[in-house]
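The values are calculated or read from the model by the stated rules, or taken from the named source; none is laboratory data. Owing to the predicted nature of the structure, the values given are computational and were not obtained by experimental measurement. Heads up, the Cβs are rebuilt from the backbone with ideal geometry, glycines too, and the neighbour counts pull from every protein chain shown. What goes into the accessible areas is simple: the full protein's heavy atoms, side chains included, and nothing from ligands, DNA or RNA. Shrake-Rupley method; radii C 1.70, N 1.55, O 1.52, S 1.80 Å.
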Amino acid sequence: MNKEEELIRKKSPVNIRNKKASFEYFFIETFTAGIVLTGTEIKSIRLGKASLVDTYCTIMNGEMWVKGMNISPYFYGSYNNHDLKRDRKLLLTKREIQKLESATKQSGYTIVPLLVFIDPKGRAKMDIALCKGKKVFDKRQTLKEKEDRREMDRVMKNARGL
């Protein structure tokens, strides 16, 4: 991901993150995919009413699908409102899908959604990652590093204040 892409994600009015993903997995490679949505779904996402908890991606018939993504019903929607957790198609190139499919056939690899954001043209995009699951000791190491980083920041903040 280059600096321009990072800037787009930071400027996006919507940043829905999968916070558990970095704790549960090592990220091998990331991709950005479009999401096929209905009218009320995009309106709910623009209001930030979506969640990526317990979400995963699968490949069926050469197409990438995201499962378990919760998008709350649009408040002003009528009988046309969408289902909360329906499967949604992701838009990737054929080459990217083939690459991900061959990688997930190996044991321990999976595809996890990381972030949903709105691009400058107003379209919903999703960052997904090819991931390898962490073991228990890896998770402990991650927690220790995070705690050490927090402690160092606290000490540096106190040192500047003196």
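Numbers below:
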{"read-out": "Extension gain, Leu143 back to Glu4 (0.36 nm per residue minus Cα-Cα distance, nm)", "value": "47.0 nm"}
{"read-out": "Karplus-derived 3J(HN,Hα), 6.51/-1.76/1.60, for each residue of segment 118-132, Hz, glycine and proline x", "value": "9, 7, x, 8, x, 9, 7, 10, 10, 8, 10, 9, 7, 10, 10"}
{"read-out": "Long-range HN-HN contacts of Gly68 with modeled amide H, under 5 Å", "value": "none"}
{"read-out": "Filtered trypsin sites (Lys or Arg not before Pro), segment 3-46: DSSP coil and at most 16 other beta carbons within 10 Å", "value": "Lys19, Lys20"}
{"read-out": "Gained length - Ser102 relative to Thr30, 0.36 nm times residue gap less alpha-carbon distance", "value": "24.4 nm"}
{"read-out": "Heavy-atom accessible area ranking, 1.4 Å probe, most first, across Phe75, Phe26, Phe117", "value": "Phe75, Phe26, Phe117"}
{"read-out": "Distance violations [Cα-Cα > 31 Å] among Lys89/Lys146; Lys135/Lys157; Lys20/Lys99; Lys67/Lys99; Lys10/Lys157", "value": "Lys89/Lys146; Lys135/Lys157"}
{"read-out": "In range of the label at Lys134: residues from segment 79-114 whose backbone nitrogen is under 18 Å from the point 7 Å along Cα→Cβ", "value": "108-114"}
{"read-out": "Probe 1.4 Å - accessible area at Tyr56, Å² to nearest ten", "value": "100 Å²"}
{"read-out": "Helix-only [θ]222 nm of the chain, DSSP H runs n ≥ 4, -39500 (n - 2.57) each, per residue, nearest 500", "value": "-11000 deg cm²/dmol"}
{"read-out": "Euclidean distance of C-alpha centroids, segment 17-86 and segment 120-161, integer Å", "value": "22 Å"}
